[in-house]
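Below is one structure; the comments refer to it alone.
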Amino acid sequence: MEDELLWNDDSRALQDSEWSKLSSDFTNAGYREGITAGKEGALQEGFDDGYAIVGAPLGRELGLLRGMASALLSFLSKTENIQKHAGLEEARDIASRLTDIRFSDIAPPDLEAERHAREHLEADRKADEDLDFDTNEGLKEKRAIESLEDMMKRMGAGVATSAEVQTRPTADDVQRLRKRLIALSESVGIALQWS
């Protein structure tokens with residue numbers, strides 16, 4: 001009976017309390033949904049820009065080079081001529097080196113993401129000048145897997161020098177391989193078509 005009196009005494013206060021709670025819950029949910037929608041929109045825009053400006057052009061160029069190297073290797077494997085031996089070994093080397101290149105090796109660093117990370121660190125007063133911005137968890141996991149892949153490859157290939165073990169290809173290496181591929185194709189009388 002006392003419980004009923006407690007609840008009946010101030011029904012307006014109870015209604016106000018419930019209304020405040022509901023209002024607060026809906027405001028918080030709306031705020032979270034707005035933040036999520038904003039992040040998704042920014043992520044999509046960032047993906048679209050990155051894909052169009054970096055991902056697709058680099059992937060396309062690397063794919064063209066790999067395809068042309070494979071085609072030239074196939075051609076030289078079936079051709080009987082004086083230049084075959086030297087050209088075949090060169091084609092194998094180029095194709096092998098192109099196969100070893102990963103997108104993460106040649107993609108430029110995301111300066112905007114690094115700037116954004118610095119801003120957040122400064123805002124949280126956790127800035128550390130010696131911090132390596134490649135500490136993103138997803139990137140760390142990817143690099144760990146790539147490191148394991150490299151180690152497995154070295155175990156099977158018997159890599160001799162530690163310099164070869166630690167050096168990953170760069171965008172400059174891709175351009176050097178491109179020049180070697182063009183020179184090799186011209187030496188056997190094949191003009192490569194770049195579209």
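Observations, loosely collected:
- Working from label points 7 Å from Cα in the Cα-to-Cβ sense, the Asp16 to Glu119 distance is 4.2 nm.
- Proximal lysines to Lys78, defined as alpha-carbon separation beneath 25 angstrom and excluding residues fewer than eight positions away on the same chain: Lys179
None of the figures in this text is laboratory data; all of them are computed from the coordinates on show. A quick note: this is a predicted structure, and the numbers were derived from the prediction, not measured. Virtual Cβ from ideal backbone geometry, glycine too; neighbours counted across all protein chains shown.
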